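Some notes on the structure that comes next.
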Amino acid sequence: MSSNILFDQSRGPSKRRAVDNQDFMAVILVGYGENLYPLNQGTNVVSKALLPIGNVPIINSVVDWVLAAGLRDVLIIVPPTFYTSVAEHVTEHYSMATHPKARIDMKRTTEGEKDDEGDDESDVGGGREGTARLLRRFKNWIRSDFVLLPCDLSPPTSLSLTSILDKHRSSPDAVLTSVFYEPTESVKDGEEKVLVALDKETSELLLIQPLEGMEDDLELRMALISSHPTLSLTTRLSDAHIYVLRRTVLDLLSTRRSKDLDSMREQVIPWLIKGGWQKGLGRRWAPILNPPKKDPFAAALARSTSTNPSSSPYSTLSPGSSPTSDHTPLPPTIPRSTSRSGSQIDSMQNSMVIDPEEDVKASIKKDVIGWKCKLLITAPQPPPAEPTQQHKGKQNKDKNIPQYEPDYLIRANSLAGYWELNRRFLKSLSSSTGGTNNSNISQNKQIQSSLEDATGTLPAISPQSQISPDSLIGEGTRVGEKASIKKCIIGRHCNIGKGAKLTGCVLWDFVTVEENARIENTIICSNGRIGEKSQIKDCEFGTGFEAKPGAILKGERLIAGQEA
């Protein structure tokens, strides 16, 4: 399929392009949201990238974060099912008029280079390709070092992407810089539990291992302990899936067969970490991850018609390498058994086994600089110091002083994370408006009331309704008289009936709540309908779900067509 570049500043009347010194590009992967049931199932399912946080799709926070760091080249890889909706949204909100310097390229997961012969979609996850396989497929679209990002990330205000990239830049021997974070209490249960080994003095990441399925005894190699005597272990951290990677990592993936590749997080990242301290693995991968720099004199000799560049004493080129390449030839993949038994992770690990009888060739010398895997830990700033007795009286008098709210990194990859992001949005809305939202709603009610007198039509928001200042009402939404909305996010073009009461709810677009319904702490996806006099509490409903009039539901997760 053809490439779809949404906007590219390089296109124009001038054929000469200005020099662009971008040393990084961003790659954003859009997944299916497997842990978001029932939001991810039913009719007309919304992509995880378009999950609304305060009526704004979550992918906006990721793209804005990237552009704020000065990155211009962005590659977004989307499953074909969601390609059209995500592409339309990005085209509308990141046009050339609003972001003239950005170059955003949208790709379907089925595009890119073809996989190896004999591979088919059934090899990996029933057609849902792993991240490592996708990166291998799109390696020719990634021409520089890059940062790999999920589409469901909401970074804290204290963490800029620039600081992460600077961390990577400051370590010339780093092939990976990974971000870990301390999760907030409300999402801890939904996060993957991992054991992380790190060296705080050198900021090196030494081990990452899921706790699930781990044995009671932990074995650490003496080579690791001796090289890092200040090693420490922790289970408090979660992986943010933010990886700054050297471009040569894609060359490493190219030496693997497509069907041997699956997940970057579960498969490739742990092996990169292990290769940073295991000498044998480091020697084997050094020609790929740390290729010798191209000698300009040798490159000139390569173009000579009378000199064999590989025979020159000044040449760094081997007979099998290209004179225009910065990289040495990639070592071949060790053939594995033709049996299809075992997991894909085992397949890759078996293909990376170091042969103890293999000669260390001339290109792998003792003085070859190894690589390191760095980590950056983000955690909320500590709360401010307690006020002294002398200032407590003044603080009690001034009730407008905002309370300290820890600023966590949160991902919308689970229901708990999605709930927390919307709660955080409402808290920020309440603290920033300070009641101005309520006054604006009152002003709108007065204007709409006067329109009713002139036109004889009902106003969009009834003057007799009650809407708290820490609520958000989307464009085109109608609110009936005596309806009550507290601490809610209401999407666009919703209809809240007469006497309905909503507390702590998130409603997507085109939701209908009929008269006298009572809804508390509930998510209702697009085109949902709640019947009159229903009582709903602590529920999540997928797109198109309908609750019958008088229904009483508590703690349910349902999609369209299901009944409690």
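So here's what we get for this one:
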read-out: Among the candidates G504, G528, residue that is modelled with pLDDT of 95 or more, within 20 Å of W419 (Cα to Cα), in contact with a Cys (Cβ under 8 Å, 6 or more places away or on another chain) and not polar (S, T, N, Q); value: G504
read-out: Residues satisfying the stated conditions in the range 64-90, i.e. surrounded by fewer than 15 Cβ atoms within 10 Å (Cβ to Cβ) and of a type in the set (S, T, N, Q); value: T81, T84
read-out: Residue that is nearest to F425 (Cα to Cα) [pool: residues in the range 465-497 that are among the acidic types (D, E) and surrounded by fewer than 19 Cβ atoms within 10 Å (Cβ to Cβ)]; value: E475
read-out: Residue that is surrounded by the most Cβ atoms within 10 Å (Cβ to Cβ) [pool: residues in the range 553-564 that are part of a loop (DSSP other than H, G, I, E, B) and charged (D, E, K, R)]; value: E556
read-out: Candidate set: the range 526-552, residues that are touching a residue at least 60 places away in the same chain (Cβ under 8 Å) and assigned to a strand (DSSP E or B); chosen: the one farthest from S465 (Cα to Cα); value: T543
read-out: Criterion: within 18 Å of F510 (Cβ to Cβ), assigned by the TED database to the domain that holds G491, surrounded by fewer than 19 Cβ atoms within 10 Å (Cβ to Cβ) and not hydroxyl-bearing (S, T, Y) - qualifying residue of G550, G528, G544; value: G544
read-out: Subset of the range 64-89 [within 22 Å of S160 (Cβ to Cβ) and either touching a helix residue (DSSP H, G or I) at 6+ places or on another chain (Cβ under 8 Å) or part of a loop (DSSP other than H, G, I, E, B) (or both)]; value: W65, V66, A68, A69, G70, L71, R72, V74, L75, I76
read-out: The lone exception for S61 - which of (1) open to solvent by 10 Å² or more (accessible area, probe 1.4 Å); (2) in a loop (DSSP other than H, G, I, E, B); (3) in contact (Cβ under 8 Å) with a residue 24 or more places away in the chain it fails; value: (2)
read-out: Test result for L261, in the same structural domain as V30 (by the TED database) and open to solvent by less than 10 Å² (accessible area, probe 1.4 Å); value: yes
read-out: Members of the range 498-525 that are in contact with a Lys or Arg (Cβ under 6 Å, 6 or more places away or on another chain), assigned to a loop (DSSP other than H, G, I, E, B) and open to solvent by less than 50 Å² (accessible area, probe 1.4 Å); value: G499, G504, D509
read-out: Lone qualifier among T202, T177, T157, T162 - being part of a loop (DSSP other than H, G, I, E, B), farther than 24 Å from L50 by Cα and among the polar types (S, T, N, Q); value: T202
read-out: In the range 143-159, the residues that are open to solvent by 50 Å² or more (accessible area, probe 1.4 Å) and closer than 27 Å to I77 by Cα; value: R143, T157
read-out: Boolean, P172 is open to solvent by less than 20 Å² (accessible area, probe 1.4 Å) and not in a helix (DSSP H, G or I); value: no
read-out: Enumeration of residues in the range 225-261 that are in a helix (DSSP H, G or I) and either touching a strand residue (DSSP E or B) at 6+ places or on another chain (Cβ under 6 Å) or within 28 Å of L159 (Cα to Cα) (or both); value: T248, V249, L250
read-out: Matching residues, the range 165-191, being under 21 Å from R424 (Cβ atoms) and not hydroxyl-bearing (S, T, Y); value: V179, F180, E182, P183, E185, V187, K188, D189, G190, E191
read-out: R133 assigned by the TED database to the domain that holds D73, assigned to a helix (DSSP H, G or I) and at pLDDT below 95; value: yes
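The values are calculated or read from the model by the stated rules, or taken from the named source; none is laboratory data. Nothing here was measured: the structure is a model prediction, and the numbers come from that model. Here the Cβ is made from the backbone with ideal geometry for all residues, glycine too, and neighbour counts use every protein chain on show. Note: accessible area is taken over every heavy atom of the protein model, side chains too, but ligands, DNA and RNA are not part of it. Shrake-Rupley method; radii C 1.70, N 1.55, O 1.52, S 1.80 Å.
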